[in-house]
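One structure below.
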Amino acid sequence: MRSRGAAVWARIILIVAGLGVAGFLYAFPLYWLVATSLKSKAELYQSITLFPQHPTLNSYASVLFDRGFWVLLKNSVLVCAATVLVTLAVGLVITYPIRAYPYHPNCASASSTGRSRFASSRRSRSSSRTSRSCARCRSTTNRSP
């Protein structure tokens, strides 16, 4: 009994250690990105350190205000919004006729082999089963005895 409990604990420890290593491998590049962005230009080229000695936000100010980032961001948002609107319009135009067509999967017009109302779905006259029909299609379905 103890050996089974020890095996369970060993497995849990290995899983936690593996997840810890994987988390470190995923998180460290993000940390390096942020730490490097807070360094000055002189500090970037002097030595490789894990922590910035004199953190500064000058690089963020340079990108946001001096290099025209807002114009580029505005253009990207404009193109994205136009693409979404065109995609929605085309999708609505395409799907409206399909949605308006009266198709009911449990109706007798849909055969048991998976054929839909779009294909010719005639039931065999020798079938002794009674076809199910929905309330909307009762007047149009054929029931076999």
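The values are calculated or read from the model by the stated rules, or taken from the named source; none is laboratory data. Because the structure is predicted, anything quoted here is derived from the model rather than measured. Glycine gets a Cβ as well: all are built from the backbone with ideal geometry, and neighbour counts include every protein chain shown.
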Selection count where residues are over 29 Å from the mean Cα position of the chain (by Cα) and either closer than 30 Å to residue 58 by Cβ or loosely packed, with under 10 Cβ neighbours inside 10 Å (or both), scope the stretch 10-36: 2
Neighbours by Cβ (under 7 Å, 6+ apart or cross-chain): first from the stretch 8-37, under 30 Å from residue 55 (Cβ atoms) and free of Cβ contacts under 8 Å to residues at least 24 places away in the same chain; second assigned to a helix (DSSP H, G or I) and among the polar types (S, T, N, Q): 37/59
Pairs, first part of a helix (DSSP H, G or I) and aromatic (Phe, Trp, Tyr) in the stretch 49-76, second modelled with pLDDT under 90 and surrounded by 11 or more Cβ atoms within 10 Å (Cβ to Cβ), C-beta under 8 Å, six or more apart: 69/63; 70/64
